[in-house]
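Notes to accompany the following structure.
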Amino acid sequence: MVPVINAYSLANYTFGTKDHKMEKDTSVRDRLSRMKTNYMKEGMRTSVEGILLVQEHNHPHILLLQIGNTFCKLPGGRVKPGESEIEGLKRKLSSKLSATSAGVQPEWEIGECVGTWWRPNFETVMYPYCPPHITKPKECKKLFLVHLPEKEYFAVPKNLKLLAVPLFELYDNVQRYGPVISTIPQQLSRFHFNMLEAECISGVKSIGDI
């Protein structure tokens, strides 16, 4: 049986903002340096990212966070020592996309892992396999499906933008989105997308209003 993903219309979701959430690193070099320091203390870094799907014009779109004018990433981050991957992803999703009020926190439904990537060394390159000569990889990154409800409110830090990017733009677009995000269309090709139309919801803002 072909697995099914429900993709609700982008117009079903409400978007707002919250206080800035500054990145720990101001450059790729800083991030790799911090990763090296943490590796010496804790060993291999385990990170998790969520694939959040919506639909627009009857085509699947992925929600991406944009930092500055060019860099895009999936919501997620490092799993803390002793924390499960699922709980770590829920924590990161709430940090990036939930309102600060406890009464409006989403109940994240984490689905299956659809991709695993490995960082052999303290470099930017990652692979969808661990090279056979690498016995101590520096990072393992897993991508999980996140099943969105029919309606939800997202609050995005003011220093970030939330983009809905169609699969056809991601496909094979390594130069713009990097090797991990640009291969999401292949990872999802075995699923059937159930496109669901928008409902009339008062007060809904388009994603461009964020």
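The values are calculated or read from the model by the stated rules, or taken from the named source; none is laboratory data. Please read all numbers here as calculations on a predicted model, not as lab measurements. Cβ atoms come from the backbone with ideal geometry, glycine included; neighbour counts cover every protein chain shown. Heavy atoms of the whole protein, side chains included, go into the accessibility calculation; ligands, DNA and RNA do not. Shrake-Rupley method; radii C 1.70, N 1.55, O 1.52, S 1.80 Å.
Here is how the numbers come out for the structure above:
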| item | result |
| --- | --- |
| Label-point separation, residue 95 to residue 151 (7 Å along Cα→Cβ), nm | 3.0 nm |
| Surrounding net charge for residue 134, when Lys and Arg each add one and Asp and Glu each subtract one, Cβ distance under 15 Å | +3 |
| The chain - mean residue ellipticity at 222 nm from DSSP helices (-39,500 (n - 2.57) per run, n ≥ 4, rounded to 500) | -6000 deg cm²/dmol |
| Which listed pairs, of 41/158; 80/161; 18/136; 18/41, have C-alpha distances above 31 Å, in listed order | 41/158; 18/136; 18/41 |
| Net charge of Cβ neighbours under 14 Å - reference residue 59; Lys, Arg +1; Asp, Glu -1 | -3 |
| 1.4 Å probe accessible area per residue over the chain, in Å² | 54 Å² |
| For the stretch 1-35 and the stretch 153-171, distance of Cα centres in Å | 7 Å |
| The chain: most fluctuating residue of 94, 84, 47 per GNM, C-alpha cutoff 10 Å | 84 |
| Length added when fully stretched, residue 168-residue 58, from 0.36 nm per residue minus Cα-Cα | 38.4 nm |
| Segment residue 193-residue 33, length gained on full extension (0.36 nm per residue, minus Cα span) | 53.6 nm |
| Antiparallel bridge percentage (DSSP; both residues within the chain; nearest 5) | 55 percent |
| Accessible area of the chain belonging to carbon and sulfur atoms, whole % at 1.4 Å probe | 51 percent |
| Distance between modelled label sites at residue 124 and residue 80, nm, 7 Å Cα→Cβ extension | 3.1 nm |
| Net charge contributed by nearby residues that have their C-beta within less than 14 Å of residue 114 (K/R +1, D/E -1) | 0 |
